[in-house]
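Written below as structure tokens is the structure these notes are about.
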Amino acid sequence: MQDFSHLLSEKVDAIAQQWVEAVAQDQQIKSTKNLSKTAIRDHVPHVLTALVTVLAHTQASDIKTIVEASLEHGLLRAEQGFNPTEVVREYHLLRTIIFANLRTELLQGTVEEVLRSMSLIDTVVDEAIAQCFQSYVKERLQELEQLQNQLTLTVEELRRLVRSSQENLNILAHELKTPLTSIIGYSELFIRQQRSSELKDNVTSVEHIERVLRSGRQLLHIINDALELSRYEAGRMQLHLAITNVRSIIDTIVETMQPLADKQGLKLLLDCEDAPMQVLTDPLRLQQILTNLVNNAIRYTQIGCVTIECHAFTSNQWAIAVTDTGIGIAPEDQERIFEPFARAECSTIKPHPPDSTGLGLAIVARMVKLLQGEISLTSQLGVGSTFTVILPLEVTTEVEVMATTFQ
Ligand code: ADP
């Protein structure tokens with residue numbers, strides 16, 4: 001039988017190609033959905049070459065050559081949002097592809113040779129998985145640390161919020177309780193598991209970290225939205241007016257939102273031929289308003305499309321409408337939908353999305369008011385909703401005064 005590491009080295013390109021294809025098409029690896037083939041391929045040839053080097057030497061001590069390649073691979077997969085099961089699946093595919101490529105040559109050897117070769121390949125792939133996981137866990141832990149630092153900073157601001165406004169405190173505390181309980185519970189479990197020598201199940205540990213991170217991010221989202229709202233209510237929101245090209249803002253939003261719409265199988269349509277060329281407004285706030293409305297339209301629509309329509313309204317006003325073919329909002333919910341923590345109860349058959357805070361529209365309504373505009377809603381349950389924002393072509397400079405007296 002030929003030296004199979006030599007065979008493998010001749011087939012590195014073909015195996016890398018097949019591996020990338022298999023990972024891209026595998027139904028169980030969902031994180032590749034928005035990744036290009038080049039992004040999936042990144043580091044793959046590096047890992048394979050390292051595998052070949054190790055196999056060529058067939059010495060256990062040489063197995064360390066795989067360390068660097070697999071560590072980088074794990075780091076990349078963590079950045080790309082792979083979950084632990086997907087990483088394991090990726091290596092399962094690699095093992096299958098390696099054996100499929102070497103099958104003919106392997107079968108020419110004696111039983112002993114075949115078994116020895118297979119066991120060696122298995123050992124090296126297992127080592128690659130272990131190293132890949134090590135860096136994956138490290139990356140996730142670093143994120144956790146960053147999250148903790150961010151949380152510490154926001155807690156300070158939250159304290160100030162608590163001192164200045166008692167109003168929404170009960171609801172806020174209630175909102176914070178669920179993700180916080182999860183963060184604390186899973187962190188404790190993770191630490192206990194790490195300490196216990198019997199429970200060295202990497203996949204389970206990493207899944208726990210994932211949950212901690214998800215809850216932490218959700219918590220931060222709520223806190224940041226609540227803080228943004230409190231800044232408005234305290235009149236601390238400054239506007240930065242500038243001549244703004246409406247069309248280019250809409251294009252930026254479409255570019256950002258298109259992947260989310262694609263993911264849900266929704267069409268994102270534009271009817272902006274009559275959009276004003278230039279307006280005087282705060283471009284950042286305008287972008288925030290529209291992003292929020294388009295994001296909601298996509299999140300609350302299962303089938304159909306989301307349309308952005310923009311045109312001149314009166315001689316000194318323009319209008320922009322975001323329409324969806326989603327779940328719609330019942331009349332009794334429409335009345336309070338712009339209040340903080342309001343969520344449509346009557347219209348939702350399914351639970352709210354995990355990133356729901358009930359604060360987005362409250363912030364949007366305040367920003368629209370700050371930009372001297374108006375927001376309105378027409379909606380029908382099961383048919384869809386249209387949020388229309390009417391804004392002045394030129395925001396007047398007294399806005400500074402408004403910002404400080406805003407209620
Ligand atoms: P959330 O983070 O919960 O989406 P929002 O303040 O953005 O917070 O929205 C408040 C509520 O209004 C949502 O929870 C949802 O029930 C409802 N809602 C907002 N936009 C839409 C929409 N386009 N279609 C149906 N319901 C919507």
Answer from V306, V294, V322 - the residue that is in contact with an Asp or Glu (Cβ under 6 Å, 6 or more places away or on another chain) and of a type in the set (A, V, I, L, M, F, W, C): V306
Of all residues being within 30 Å of I303 (Cα to Cα) and hydroxyl-bearing (S, T, Y) in region 359-396, which is nearest to the ligand (Cβ to nearest atom)? Just the residue, please. S385
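Conditions tested, residue by residue: (1) more than 13 Å from the ligand (Cβ to nearest atom); (2) under 17 Å from Q380 (Cα atoms).
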{"position": "Q287", "(1), (2)": "yes, no"}
{"position": "V294", "(1), (2)": "no, no"}
{"position": "A297", "(1), (2)": "no, yes"}
{"position": "G304", "(1), (2)": "no, yes"}
{"position": "T307", "(1), (2)": "no, yes"}
{"position": "D324", "(1), (2)": "no, yes"}
{"position": "G328", "(1), (2)": "no, yes"}
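If you take the residues of region 75-90 that are crowded, with 21+ Cβ neighbours inside 10 Å and in a helix (DSSP H, G or I), which of them is nearest to the chain's Cα centre (by Cα)? Let's see the steps before the verdict.
Of region 75-90, the ones crowded, with 21+ Cβ neighbours inside 10 Å are 77-78, 82, 84, 87, 90.
From the residues that got through so far, the ones that are in a helix (DSSP H, G or I) too are 77-78, 84, 87, 90.
On the way: R77: 14, A78: 13, P84: 16, V87: 18, E90: 21 Å.
Result: A78.
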Take the conditions in contact with a strand residue (DSSP E or B) (Cβ under 8 Å, 6 or more places away or on another chain) and either at pLDDT 75 or above or charged (D, E, K, R) (or both) and apply them to L241. Does it pass? yes
Residues of region 275-308 being assigned to a strand (DSSP E or B) and either free of Cβ contacts under 8 Å to residues at least 60 places away in the same chain or buried (at least 21 other Cβ atoms within 10 Å of the Cβ) (or both), which ones? V279, T281, C305, V306, T307, I308
Can you give me the number of residues within region 240-254 that are assigned to a loop (DSSP other than H, G, I, E, B) and more than 13 Å from D282 (Cβ to Cβ)? 1
Has region 310-317 got any residue that is closer than 23 Å to H221 by Cβ and either modelled with pLDDT under 95 or within 12 Å of the ligand (Cβ to nearest atom) (or both)? no
What pairs can you find where one residue is in region 259-274 and in contact (Cβ under 8 Å) with a residue 12 or more places away in the chain, the other is in a helix (DSSP H, G or I) and of a type in the set (S, T, Y), and their Cβ atoms are less than 8 Å apart, with a gap of 6+ or different chains? none
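The values are calculated or read from the model by the stated rules, or taken from the named source; none is laboratory data. Here the structure is a predicted model, which is why all the values come from computation and not from measurement. All Cβ positions, glycine included, derive from the backbone under ideal geometry; neighbour counts span all protein chains shown.
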